[in-house]
Each structure stands twice: as structure tokens, then as C-alpha cells.
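One structure is given below, encoded as C-alpha cells.
The values are calculated or read from the model by the stated rules, or taken from the named source; none is laboratory data. Model, not experiment: these values are computed from the prediction. Cβ: placed from backbone, ideal geometry, glycine included. Neighbour counts: every protein chain shown.
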Amino acid sequence: MRLQPEPVQAVKERRDRALAALVGGVPYIAFLGLRFDRRGDELTATLPFDERLIGNPILPALHGGVTAAFLEVAALVELSWSMLWEAMESGRLDAATLTPETLPRLPKTIDFTVDFLRTGLPRDAYARARVNRSGRRYASVQVEAWQDNRARLFAQATGHFLMPDTAPARD
């Protein structure tokens, strides 16, 4: 007898719970107001516009530190999500029991280089990260950020991260 496949909605809900646990475990994400939209294994980070994010009110322009933090958080969440996705899909991790306390440790930033390509305007910003390499000890991630047009990036970054051991405790 062949097992019935799991309903699509149940799979989506399990993945959304896992992403919510991952994002909920980082208070700085809530402080910045970041949101993550999941489509399959692809994430898009959104930085909703808020007046407090303006660094130069004369232009006005997004603060460079906010832009850099947005890109770094997008890279870390993408890298962590790729690890979670693999563990969930292989059956090594039960998404139903995930909480911020039971998630694997987050990778640690080794270095992070941001290229500010143009002024971040006073509007919503979006970012997508791509994991170039992820091994047991080290990972390399690229991130691109845009506002109105994905082809017109306002910032991009490259980060290198120290991968966590497999212990489930969080820092």
C-alpha cells in the first residue's frame, strides 16, 4: 500500500512555522521591522519604510547602518533558512517542535562588505541573498537590495560566516 502524500497546505504551514521560529529568535529583526516572504525555499526580505530609518533628512536617505544591517540580517536568515530547509526536507528536523530556543545556532559573521550603489530612498526596500558556498565550517553569501526596480540595486553585499556546530542552543 502506498502512503498518501502530505497535503500541500500542511507542508506550507510547517515551512511557515519554521521560518517564523527562525525570524522570531532574533529580536533585532523585530526592531527593524523586517519581514520575510517565503516562496518555496526562496526568501525575500522586506524593510518597510519608517521615518526613524532616515539617516540624512535633507535628501532624505536611508541610514547606511540600517542598510548594512538589513543586508546582513537577510544574509544570515537566508543561510540559516537553507540549513533548516535541508534538515526539514530530509526529515532530520521536525518543524512542528521548532521554537527560537530549539533552533540550531546562527552562523557568526566573519566579515561583511557592503557596496552602496545609490541612495536608499524613503520607501520600502527588498533584498534577496544567495548562498554561494556552505560547508561545515564556512559559508559565503551574496545579497542584493533594491526598492522600486530589482534591476536597479541600491546596495549589495558579500559576507563570510563561521558555521555553527550542530548543537541546538542559541547565542
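Give the range 93-137 a look and list any residue that's among the polar types (S, T, N, Q), outside any strand (DSSP E or B) and exposed (fewer than 13 other Cβ atoms within 10 Å of the Cβ), or say none.
T97, T99
Test L32 against the stated conditions and say whether it is in contact (Cβ under 8 Å) with a residue 12 or more places away in the chain, within 18 Å of P104 (Cβ to Cβ) and buried (at least 16 other Cβ atoms within 10 Å of the Cβ).
no
Take the residues in the range 76-106 that are among the small types (G, A, S) and under 15 Å from the mean Cα position of the chain (by Cα); name whichever of them is farthest from A20 (Cα to Cα).
For the range 76-106, the residue satisfying everything is S82.
For the range 46-97, which positions are of a type in the set (F, W, Y), over 23 Å from V11 (Cα atoms) and out of contact with any Leu (no Cβ under 8 Å at 6 or more places or on another chain)?
Hit for the range 46-97 is F49, nothing else.
Yes or no, residue by residue, for (1) over 13 Å from the mean Cα position of the chain (by Cα); (2) farther than 20 Å from K108 by Cβ; (3) at pLDDT below 90:
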{"residue": "M1", "(1), (2), (3)": "yes, yes, yes"}
{"residue": "K12", "(1), (2), (3)": "yes, yes, yes"}
{"residue": "V23", "(1), (2), (3)": "no, no, no"}
{"residue": "T46", "(1), (2), (3)": "no, yes, no"}
{"residue": "V66", "(1), (2), (3)": "yes, yes, no"}
{"residue": "A74", "(1), (2), (3)": "no, no, no"}
